[in-house]
Amino acid sequence: MPPSPSAVREWLEKAQRDLRLAHLAFEDQPPIFDGGCFHCQQAAEKALKGLLELHAMTVPKVHGLGPLLDLCGAFTDRLRSLRPDLLALNYYAVAIRYPASKDPTAEDAENALRTAEKLLETVLDLVPQDARP
């Protein structure tokens, strides 16, 4: 089945909204680093799922960025350099949402945001115009 530009666009729009939420959380006073980092991870996850959708691959119901990167590696190597930073975002998918988690610092938040933004920028470069938000 050929990829659906609208389905790709929906994933990428969700990724963009997660990045907006991360910005809002980090700009709040006091900043909400755990919530913002969670949304950075979510943005990265949705961007990768949009890329899978673009290649008409089944989008797995997983939060781990490693398996998603492995699947995306079948059709692009442009994400390889982002892998270590993306894998660091995995902590923010689930663990960060619970009281016993280690709270991220301002530096952690900056790294998370930079990583998520770079990934989304890279994915958008790989997506045809008709599938972009």
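The values are calculated or read from the model by the stated rules, or taken from the named source; none is laboratory data. Since this is a predicted model, take the numbers as computed values, not measurements. Here the Cβ positions follow ideal geometry from the backbone for every residue, glycine too, while neighbour counts run over all protein chains shown. Please note that ligands, DNA and RNA were not included when accessible areas were found on the heavy atoms of the full protein model with its side chains. Shrake-Rupley method; radii C 1.70, N 1.55, O 1.52, S 1.80 Å.
Summary table
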| item | result |
| --- | --- |
| Residue match in the stretch 3-17 (condition: modelled with pLDDT of 95 or more, of a type in the set (A, V, I, L, M, F, W, C) and open to solvent by 30 Å² or more (accessible area, probe 1.4 Å)) | yes |
| Hits in the stretch 47-65 (condition: within 14 Å of the chain's Cα centre (by Cα), small (Gly, Ala, Ser) and part of a loop (DSSP other than H, G, I, E, B)) | Gly64 |
| Check on Leu48, surrounded by fewer than 23 Cβ atoms within 10 Å (Cβ to Cβ) and closer than 29 Å to Lys102 by Cβ | no |
| Residues of the stretch 96-111 that turn out to be out of contact with any Phe, Trp or Tyr (no Cβ under 9 Å at 6 or more places or on another chain) and surrounded by fewer than 13 Cβ atoms within 10 Å (Cβ to Cβ), as a count | 4 |
| Qualifying residue in the stretch 71-91 (condition: aromatic (Phe, Trp, Tyr), in a helix (DSSP H, G or I), crowded, with 21+ Cβ neighbours inside 10 Å and at negative phi) | no |
| Single condition Ala131 does not satisfy, out of (1) small (Gly, Ala, Ser); (2) crowded, with 19+ Cβ neighbours inside 10 Å; (3) under 20 Å from His39 (Cβ atoms) | (3) |
